[in-house]
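Accompanying notes for the structure given below.
The values are calculated or read from the model by the stated rules, or taken from the named source; none is laboratory data. Only a predicted model underlies this, so the values are computations on that prediction, with no experimental measurement involved. Here Cβ is always computed from backbone atoms with ideal geometry, including for glycine, and neighbour counts include all displayed protein chains. To get the accessible areas, we keep the full protein, side chains included, count just its heavy atoms, and leave off ligands, DNA and RNA. Shrake-Rupley method; radii C 1.70, N 1.55, O 1.52, S 1.80 Å.
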Amino acid sequence: MSTGSVEQFQQSLSRLNTASTAVAPDELVSTVADLVEPPAVGAELPFDGLSIADAPVTLDPSPSRLREAVTGVSGSRMGIASLGTVAVESRAEGDEFIALYPERHVVVVRASDLRTDLSDAFGWLRAEFEEDCQSFILATGPSSTGDMGALVQGVHGPKEVHVIIVRDNE
Amino acid sequence: MSESQQLDADRIRTLLESEGDEIKENTRLFNTERYDAVKAVGEGAHEDNRTQAREIKADAIERLPELIDRTRKAVEANGGTVYVADDAEDANQYLAEVADNVDADSVVKSKSMTTEEMDLNEALEADGLDVWETDLGEFVIQVAEEAPSHIVGPSLHKSREEITKLFEEEFDPDESLDSAEKLTAFAREYLGECIDDAEVGVTGANFVLAESGSIALVTNEGNARKCASIPDTHVAVAGIEKIIPSIAELEPFAELISRSATGQDIPQYLSLLTPPVDTPAIDFDSRDESYFGNSDADRDFHLVLLDNGRREMREDDDLRETLYCIRCGACANSCANFQSVGGHAFGGETYTGGIATGWEAGIEGNDVAAEFNDLCTGCSRCVNACPVKIDIPWINTVVRDRINRGKDPGFDDMLVDGLVPDKEEPGTPLRKRFFGNFETVARIGSATAPLSNAVASTGLARKAMESVLGIDARRDLPEFRRTTLREWAASREPRVADPERRVALYPDVYTNYVRAERGKAAVRVLEALDCEVVVPDVGGSGRAPLSQGMIATAEKKAKTVAESLLPYVEDGYDVVAVEPSDLAMFRREYEKLLPEAAYERLDGNSYEVLEYAYGLLENGADPDVLPAGDGDGIAYHSHCQQRTLGLEGYTAAVLERLGYDVLTSNVECCGMAGSFGYKSEYYDLSIDVGETLADQFEGAADERTVVASGTSCMEQLDSLLSPETHHPVELLDPERR
Ligand code: SF4
């Protein structure tokens, strides 16, 4: 498995009209703070040494907070550089809800977790399945539909996705 | 079609008017985007994925009983339940019980054709449950109380304005819903509440992974994610054919499914779920309690695997391939007839488009398939579009054959005397015999020409043909030539003393009896390029009977053709065909009709005439012996089956090499498709399809010579533009100099 490049990942994201920001690990909390539009909810990140506990987001929110939230912040343990895809994992922290309900989804990915393409990503998935991590949503851009007569973004999922890439490998 | 409706001329006309515009726009958009996406990823890579996907499906269907077993074990080990339902009723009952066990009042669903097939909504509603479709397309259809018109886009026959009217009447909103954005926001809000309130979420499954007991879901809206995670109880419903061994086999499908469906490299959401998932249960009753209401409920998962005829399809050598289908809709989008009339005509109880014949025949029976099966003209444009390489036209042909025999148990398609109109027995089989045995008609017509032409064109004869045979009186009939191509060729001396190559030119029925001029041109062109040309005494290829579903006759013809042509091949002759539909028989359908060795010999040694000329020129033949194009404009329409074989480029290349300026059409089919456009009830549809082609050439037709490779295409263009369409080989004819 080779590592995909941050530049290519960002290019793919911009093709999906999805904004992205690449930051150093110690800039993460302030970047999240800049990007959230309140009220915000979050699921604690699945990474050692990286946390959003100090960012202005409510972790483990109540159902009403979840429904009211404008922004949801969660992490992704994998990104696909050629496609701009992230992985929303079905975790006890509730990533799936955080990534689905609010209009804006802010996703944190580590640069070292970028895969080059879908084939590489499947290599990663197979390894995860071996390790009994077997529920992921590969999410690419905002939710969309053409069913109402024109292409519209933001249906049952987010209208807008913002990806933060943490340069953890420099 | 939810209720069976006779597909007659009136119904087709109504649908063309009411739904045709939206269907055309949307299916053509999907179709173009698919072509673009395949190009972008690379034809080679795409082809590799198709090959792999097909192998995986073939293997999985072969090992299905074992895979069902493994799935059951894995799901149960994860803490879920598997139920294999024999039929729709069985499955519905199970779902009703699941809902009953959790005291459900309402059920939310994401898009699932399999639950459409089961009529699940009706069954649950009859049990007093509220059922909500959360995919917006399905929601529109649910509110409109209509049937889906397309496998992927169930409501794509509806315009935004129609949906606005529908929703405003149904929901009486405070604000007008006069844009796609407002409609989407309204539906999101409305359905969002339904999902939060529902006790049971039902999803489909595009794939089931046996080893881990997982399901894969392909969606763009996010509703399947919600239906699978918000209600505590999740039921996934899938046909048994959806199982593949493991995550390792999913990759080619992840590449193919959205690219084939909508031209996306990957769907917005590819969910890989191994339920019950770790996402916590959410409790909206404890709305202010943290951790999502701190629910103590356990997640409950059921996988319902539906048989409903599938195990029998698996045993059926001809229908089995249907089970490889991943329901991408590409066969519908690439189908010219579908693009015009949509799934409310071209579809059965549940499924729509080319592959619907296989599904409906297997699930509902031949009667349902019979309602729309004739709309497949065998143009074969879906063959290269299908991500799992299903021979969709063959399935349509086989089912047509079965329908013929079912309607008329005495139907023996080998009987040519079936041609004699039997007044006691009008109707379809008779017309099928007429078109299927066109070779006999042509032989007699030619022997008695020009008298036969004169008689056939009288008003009285046309009326009789229309009422007895259903041949539309608005169509011009082919005019038979008194001197056939073969007779003409036999009367000539050999012209080339020391030939470079030797050619057996196949005299197809049309070239021999009707369009002899294109055959003569072909002979002269090949001779000018230093080939010895013989025109063997050989009968029809079987294309005509095959297109009527008369497989036994087609098989007999194929054998005769092979017996006549293979000795030439053994003697070093190349077989060259003028008519692409006959060449396609040699190169595609004969695989099903001939022993393998004979098929391979013929397939490997037969060529389309311009493909052959291209090869000769590439190998040093002198183009100057052919008339020069001098920059003249050509409007060229390649034949559908020729394009499927990948042969359209040769004609344009040869014409350009000779100095012509070539404009090529990009429609899937001319709409004539052999006998199709002659049939009264399909006349309007045939013209509607043809008009797209005519529109492309409209402005150009005055300055450009219109050429087409297929007889049918020439007839269609003659009737829609001007009666001067030629075969491209006629432009190369040295006699034109
Ligand atoms: S038959 Fe092939 S092209 Fe048609 S829906 Fe199925 S998979 Fe797609």
Inset, instruction - Report whether or not B:Tyr614 is crowded, with 17+ Cβ neighbours inside 10 Å and free of Cβ contacts under 8 Å to residues at least 60 places away in the same chain. - result: yes
Legend entry - Residue tally, condition assigned to a loop (DSSP other than H, G, I, E, B), within 14 Å of chain A (Cβ to nearest Cβ) and free of Cβ contacts under 8 Å to residues at least 24 places away in the same chain, over the stretch B:110-158: 1
Inset, instruction - Would you please name the residue that is farthest from the chain's Cα centre (by Cα), looking only at residues in the stretch B:355-383 that are open to solvent by 10 Å² or more (accessible area, probe 1.4 Å) and within 10 Å of the ligand (Cβ to nearest atom)? - result: B:Val383
Legend entry - Which listed residue, of B:Ser176, B:Ser159, B:Ser155, is away from the ligand (no atom under 16 Å from the Cβ) and in contact with a Phe, Trp or Tyr (Cβ under 9 Å, 6 or more places away or on another chain): B:Ser155
Legend entry - Matching residues, the stretch A:70-108, being free of Cβ contacts under 8 Å to residues at least 60 places away in the same chain, hydrophobic (A, V, I, L, M, F, W, C) and not in a helix (DSSP H, G or I): A:Val70, A:Val73, A:Met78, A:Ala87, A:Val88, A:Ala92, A:Val107
Inset, instruction - Pull up the stretch B:231-254, narrow it to residues that are at the interface with chain A (Cβ under 7 Å from one of its Cβ atoms) and out of contact with any Pro (no Cβ under 9 Å at 6 or more places or on another chain), then point me to the one that is surrounded by the most Cβ atoms within 10 Å (Cβ to Cβ). - result: B:Ile247
Inset, instruction - Determine, yes or no, whether B:Gly222 is on the phi > 0 side of the Ramachandran plot and within 8 Å of chain A (Cβ to nearest Cβ). - result: yes
Inset, instruction - Name the residue, out of B:Ser491, B:Ser564, B:Ser467, that is among the hydroxyl-bearing types (Ser, Thr, Tyr) and open to solvent by less than 40 Å² (accessible area, probe 1.4 Å). - result: B:Ser564
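Rundown of residues vs (1) within 14 Å of the ligand (Cβ to nearest atom); (2) within 22 Å of the chain's Cα centre (by Cα); (3) over 27 Å from B:Gly365 (Cα atoms), yes/no style:
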site: B:Glu249; (1), (2), (3): no, no, yes
site: B:Pro280; (1), (2), (3): no, no, yes
site: B:Tyr291; (1), (2), (3): no, no, yes
site: B:Asn294; (1), (2), (3): no, no, yes
site: B:His302; (1), (2), (3): no, no, yes
site: B:Asp317; (1), (2), (3): no, yes, no
site: B:Gly329; (1), (2), (3): yes, yes, no
site: B:Ala345; (1), (2), (3): no, yes, no
site: B:Gly353; (1), (2), (3): yes, yes, no
Inset, instruction - Please work out if B:Pro280 is open to solvent by less than 30 Å² (accessible area, probe 1.4 Å) and facing chain A (nearest Cβ under 7 Å). - result: yes
Inset, instruction - Specify the residue that is farthest from B:Glu66 (Cα to Cα); the eligible residues are those in the stretch B:214-244 that are within 28 Å of the chain's Cα centre (by Cα) and part of a loop (DSSP other than H, G, I, E, B). - result: B:Glu221
Inset, instruction - Within the stretch B:683-709, count every residue that is of a type in the set (Ser, Thr, Tyr) and open to solvent by less than 10 Å² (accessible area, probe 1.4 Å). - result: 2
Inset, instruction - Determine, yes or no, whether B:Glu211 is open to solvent by 10 Å² or more (accessible area, probe 1.4 Å) and either away from every other protein chain (no Cβ under 11 Å) or assigned to a loop (DSSP other than H, G, I, E, B) (or both). - result: yes
Inset, instruction - Looking only at the stretch A:51-89, count how many residues are open to solvent by 20 Å² or more (accessible area, probe 1.4 Å) and closer than 18 Å to A:Ala22 by Cβ. - result: 3
Inset, instruction - Would you mind telling me which numbered condition in (1) open to solvent by less than 20 Å² (accessible area, probe 1.4 Å); (2) within 11 Å of the ligand (Cβ to nearest atom) B:Lys389 fails? - result: (1)
Inset, instruction - Would you be able to say whether some residue in the stretch B:309-317 is farther than 30 Å from B:Ile403 by Cα and either within 14 Å of chain A (Cβ to nearest Cβ) or open to solvent by 40 Å² or more (accessible area, probe 1.4 Å) (or both)? - result: no
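Yes or no, residue by residue, for (1) touching a Cys at 6+ places or on another chain (Cβ under 6 Å); (2) closer than 22 Å to B:Phe586 by Cα; (3) at pLDDT 95 or above:
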| position | (1), (2), (3) |
| --- | --- |
| B:Arg492 | no, no, no |
| B:Ala522 | no, yes, yes |
| B:Val525 | no, no, yes |
| B:Pro536 | no, yes, yes |
| B:Thr560 | no, yes, yes |
Inset, instruction - Filter the stretch B:567-597 down to residues that are free of Cβ contacts under 8 Å to residues at least 60 places away in the same chain and assigned to a strand (DSSP E or B), then give me how many there are. - result: 0
Legend entry - Count of residues meeting criterion [open to solvent by 40 Å² or more (accessible area, probe 1.4 Å) and facing chain A (nearest Cβ under 10 Å)] in the stretch B:159-185: 6
Inset, instruction - List the number of the failed condition for B:Asp661; all other conditions in (1) touching a Gly at 6+ places or on another chain (Cβ under 6 Å); (2) crowded, with 24+ Cβ neighbours inside 10 Å hold. - result: (2)
Inset, instruction - From the list B:Ser722, B:Ser712, B:Ser680, pick out the single residue that is surrounded by fewer than 22 Cβ atoms within 10 Å (Cβ to Cβ), of a type in the set (Ser, Thr, Tyr), under 25 Å from the mean Cα position of the chain (by Cα) and modelled with pLDDT under 90. - result: B:Ser680
Inset, instruction - Test each condition in (1) open to solvent by 20 Å² or more (accessible area, probe 1.4 Å); (2) more than 12 Å from the ligand (Cβ to nearest atom) for B:Asn337 and report the one that comes out false. - result: (1)
Inset, instruction - Quick one: which residue in B:Asp296, B:Asp288 is modelled with pLDDT under 95 and either over 21 Å from B:Glu43 (Cα atoms) or within 13 Å of chain A (Cβ to nearest Cβ) (or both)? - result: B:Asp296
